[in-house]
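Data block below; observations after.
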């Protein structure tokens, strides 16, 4: 039986060469040439002035909140339809997450719902560019500006994604990225904070490195953290960044195959506004939406029996035990959260693989109708 994983990293560049260079140089921890190189090359790629590398994407969000001084009693607006790591850092700093609904066509946070949730305690908005599709950054930037709020972009799933022909991560005060093994480019574990604000970048770098003072060796002037990326991880990142556009084009091609082979079936690929008004969806995950959400787990089980690994789309965070003490209905997020399946989407996937997957989906539906 053919085995198709939901994701695996794609190494076709100089990854091995750069990692071996680290080993030969003995610079394997958080000091070494690849750390700064990766920060500079990645921020250049996004179109921002500064990059601060960290240990993972969750830490990038945590560090962003710490850097902006978000803390006890503050409210932070977040999408409910997102990965849990978008929300947990708000709790880490003692702030309160305020959940907002999504737009059904794009699955992204709804600007109109953001406006409704702003209070005198609101200090920041976190948006997630979910599954590689951008949020409506024109509207959201305007909301943040008019209300004097910080804006943080969670771009963990959206490396290379465009809104209005500009890469996401450069619209807000801070953009946060993840380089986990299943992300568009990977360092194994790793993350990055990007910004155009020098003060933010310097403060983030200090907090990341145990609060080390800039101009006095081994002197610490604030309480900091050990959030540093290793030189080995950064070496992987530099090599992956050299092939990032190749990876993105492969993933966009895979999405086209799904769109083609799913025609006529009672499910559809999440495409959103890709190709409209300078919007580029990088399809971190190819997500299919079922017309009947009751069939999600039976279909996933059927795919598993045929060697195809999948994931459920993210469950709305406001429905999870630690965040559901106050009952609330967020209807679009709830509808989408129960009806989506993340399909195999890794860059090495072949057209025949996608056709096989879609053929299995068709057989499932044929079995239902007899």
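A few notes on this one:
- For the condition modelled with pLDDT of 95 or more, outside any strand (DSSP E or B) and within 25 Å of residue 137 (Cα to Cα), residue 199 qualifies.
- Residue ranges of helices (runs of 4 or more DSSP H) in region 231-306 with at least 3 members assigned by TED's automatic domain parsing to the domain that holds residue 164 and touching a strand residue (DSSP E or B) at 6+ places or on another chain (Cβ under 7 Å): 231-242
- Condition met for residue 141 (out of contact with any helix residue (DSSP H, G or I) (no Cβ under 9 Å at 6 or more places or on another chain), outside any loop (DSSP other than H, G, I, E, B), touching a residue at least 24 places away in the same chain (Cβ under 8 Å) and surrounded by fewer than 21 Cβ atoms within 10 Å (Cβ to Cβ)): yes
- Region 7-39: number of residues that are in contact with a strand residue (DSSP E or B) (Cβ under 9 Å, 6 or more places away or on another chain) and buried (at least 17 other Cβ atoms within 10 Å of the Cβ): 6
- Residue 4 being buried (at least 16 other Cβ atoms within 10 Å of the Cβ), within 30 Å of residue 351 (Cβ to Cβ), touching a strand residue (DSSP E or B) at 6+ places or on another chain (Cβ under 7 Å) and modelled with pLDDT of 95 or more: yes
- One residue alone among 363, 291 is modelled with pLDDT under 95 and within 24 Å of residue 254 (Cα to Cα), and that residue is 291.
- Residues in region 177-213 that are in contact with a helix residue (DSSP H, G or I) (Cβ under 8 Å, 6 or more places away or on another chain), surrounded by 17 or more Cβ atoms within 10 Å (Cβ to Cβ) and farther than 21 Å from residue 231 by Cβ: 184, 195, 200, 203.
- Any hit, region 277-285, residues being out of contact with any helix residue (DSSP H, G or I) (no Cβ under 9 Å at 6 or more places or on another chain), at pLDDT below 95 and under 30 Å from residue 160 (Cα atoms): yes
- The number of residues in region 37-58 that are out of contact with any helix residue (DSSP H, G or I) (no Cβ under 6 Å at 6 or more places or on another chain) and not in a helix (DSSP H, G or I) comes to 5.
- Residues of region 47-80 satisfying the condition of being under 18 Å from the mean Cα position of the chain (by Cα), farther than 13 Å from residue 191 by Cβ and surrounded by fewer than 24 Cβ atoms within 10 Å (Cβ to Cβ): 47, 48
- Comparison of 65, 61 shows that the only residue that is farther than 21 Å from residue 111 by Cβ, part of a helix (DSSP H, G or I) and in contact (Cβ under 8 Å) with a residue 60 or more places away in the chain is 65.
- Residue within region 207-221 that is touching a residue at least 60 places away in the same chain (Cβ under 8 Å), over 18 Å from residue 30 (Cβ atoms) and part of a loop (DSSP other than H, G, I, E, B) present: no
- Looking only at region 84-125, and only at residues there that are free of Cβ contacts under 8 Å to residues at least 24 places away in the same chain and part of a loop (DSSP other than H, G, I, E, B), the one that is farthest from residue 60 (Cα to Cα): 120
- Residue within region 314-336 that is more than 24 Å from residue 79 (Cβ to Cβ), without any contact (Cβ under 8 Å) to a residue 60 or more places away in the chain and out of contact with any helix residue (DSSP H, G or I) (no Cβ under 6 Å at 6 or more places or on another chain) present: no
The values are calculated or read from the model by the stated rules, or taken from the named source; none is laboratory data. Owing to the predicted nature of the structure, the values given are computational and were not obtained by experimental measurement. A quick note on method: Cβ atoms are made from the backbone with ideal geometry, for glycine too, and the neighbour counts reach across all protein chains shown.
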